[in-house]
Amino acid sequence: MNKQTMIAGCVAGIAGIALGIAASRHWPTEASQAASMPTTKTALAPAGGLANGATLGEALVKVQPVEMRQVRDAIRINGKLALNGMRVNQISARLAGRVDKIMLFEGASVRAGEAVALLYSPEFISAQNEYLLARNTVRMLSGKSTSDLLDDAKLTLASARTKLKVQGASDEDVQKLDQSGAIQQYLVIRSPISGRFIKRNVDPGGYLDTGASLGTVADLSSLWFLGNAFETDIPRLREGEAADIVISGIQASGPVRGKISFISPTVDAQTHSVTVRVDLPNERGQLKPDMFAKAEIALDQRLLPVVPRAAVVQDGAESFIVVQRSKQRLERVAVDVVPADDPDYLAITWGIGEGDQIVVDGSVLVDRSLTNPQAEKLPSRVDAVKRGAGS
């Protein structure tokens with residue numbers, strides 16, 4: 001090997017060493033790269049089971065046994081207020097005719113017997129003529145004829161008076177006709193009850209057939225609460241029991257106390273519920289029909305499982321609790337919940353019982369893994385959590 005070749009080899013070696021040193025400054029080693037990456041803790045407990053206080057970050061889940069407490073038992077029903085059907089009347093026409101004038105419009109207060117509208121009816125005018133003819137006949141025959149003719153005339157007069165009253169004339173209307181002898185052009189339509197004129201079915205100048213409704217009058221001093229109770233609550237409901245009604249649309253010092261007046265004898269085939277009706281006093285007029293309300297029927301206390309609110313997972317309209325069946329298995333259990341006496345707790349009426357171990361902290365995260373394991377692709381430790389029997 002000549003001298004020039006040796007010199008070229010030395011230069012190449014020195015260049016390679018320098019290049020290696022420069023590259024090492026910019027590319028970390030595999031060990032240093034692994035050391036610099038942040039550590040990620042698993043979302044679930046170790047494969048050996050889910051122990052109390054297992055962690056995700058600082059804390060994952062907490063399991064504790066169900067606590068049994070005496071809870072004030074009550075049936076709670078959602079519904080709304082409605083008109084008292086026993087205190088609603090239609091103002092109907094007993095004769096066909098034209099409505100020439102309406103004295104009241106929607107929302108106005110009205111007293112029983114107060115004039116509501118004036119109806120022009122040829123039939124009413126004819127009935128007045130018949131009455132005046134019978135009255136004049138009685139006057140003419142009085143003291144001048146046999147008793148038989150006078151009795152017949154009096155019977156005809158009584159029949160004419162009855163006809164006027166059947167057509168809607170009041171005693172005052174008949175008395176005025178008898179005293180004045182002047183035919184009234186209009187039949188006065190009067191309110192049958194005191195209350196509010198809540199609906200008008202015809203405008204002035206409109207025509208009414210016999211029996212047609214001019215409008216509706218309702219006595220609002222009493223209303224109904226109408227709600228639907230679940231069929232499971234039917235054995236515990238009784239007519240005549242007191243019910244406290246909380247109305248959303250008013251500011252009140254407390255619920256309105258009423259009594260259950262009706263429980264439907266049939267169950268709705270679609271909702272599996274029964275209609276419950278509560279009579280409510282409304283002397284001050286604060287309550288309005290169609291207001292949303294809630295009824296609470298207080299019953300005796302009963303022993304129920306009580307869990308923290310955080311233990312209950314809400315999935316749409318249904319509620320669930322994660323129950324630890326064993327150290328190797330968790331299960332998602334549907335439950336029915338009602339408020340407990342403590343606002344931080346819920347009472348369970350169906351689904352779990354005494355002795356069950358439930359997840360009270362981190363249940364939302366566990367439930368997510370149970371219902372959708374692919375939502376978060378976690379390390380193999382996810383397999384430690386199983387769903388349901390046979391999982």
Any trypsin sites (Lys or Arg not before Pro) in the stretch 72-146 that lie in a DSSP loop and have at most 12 other Cβ atoms within 10 Å would be Arg111, Lys144
Can you work out the FRET efficiency for the pair Arg236 and Arg284, with r the C-beta to C-beta distance and R0 = 45 Å, to the nearest 0.05?
0.90
7 Å from Cα along Cα→Cβ at both Thr349 and Ile250: what's the point-to-point distance in nm?
2.7
Test of the criteria: in the stretch 233-266, which trypsin sites (Lys or Arg not before Pro) are in a DSSP loop and have at most 10 other Cβ atoms within 10 angstrom of their Cβ?
Arg238
With the crude spin-label approximation of a point 7 Å out along Cα→Cβ, what separation in nm comes out for Glu106 versus Asp151?
5.8
If you keep only loop residues by DSSP, which chymotrypsin sites (Phe, Trp or Tyr not before Pro) in the stretch 102-133 have at most 11 other Cβ atoms within 10 Å of their Cβ?
Phe105
Might you work out the accessible area of Ile198 for me, using a 1.4 Å probe with all protein chains in place, and round it to the nearest 10 Å²?
70
Mind giving me the nanometre distance, one decimal, between the label points for Ala269 and Arg72, set 7 Å out from Cα along Cα→Cβ?
4.1
Rolling a 1.4 angstrom probe over the protein heavy atoms, how many square angstrom per residue are accessible across the stretch 230-305?
64
Place a point 7 Å from the Cα of Gln314 along the Cα-to-Cβ direction; which residues of the stretch 242-284 have their backbone N under 19 Å from it?
248
Probe 1.4 Å, all protein chains in place: accessible area of Asp341 in Å², nearest 10?
90
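The values are calculated or read from the model by the stated rules, or taken from the named source; none is laboratory data. Since this is a predicted model, take the numbers as computed values, not measurements. Every residue, glycine as well, gets a Cβ built from its backbone with ideal geometry; the counts of neighbours run over all protein chains shown. Please note that ligands, DNA and RNA were not included when accessible areas were found on the heavy atoms of the full protein model with its side chains. Shrake-Rupley method; radii C 1.70, N 1.55, O 1.52, S 1.80 Å.
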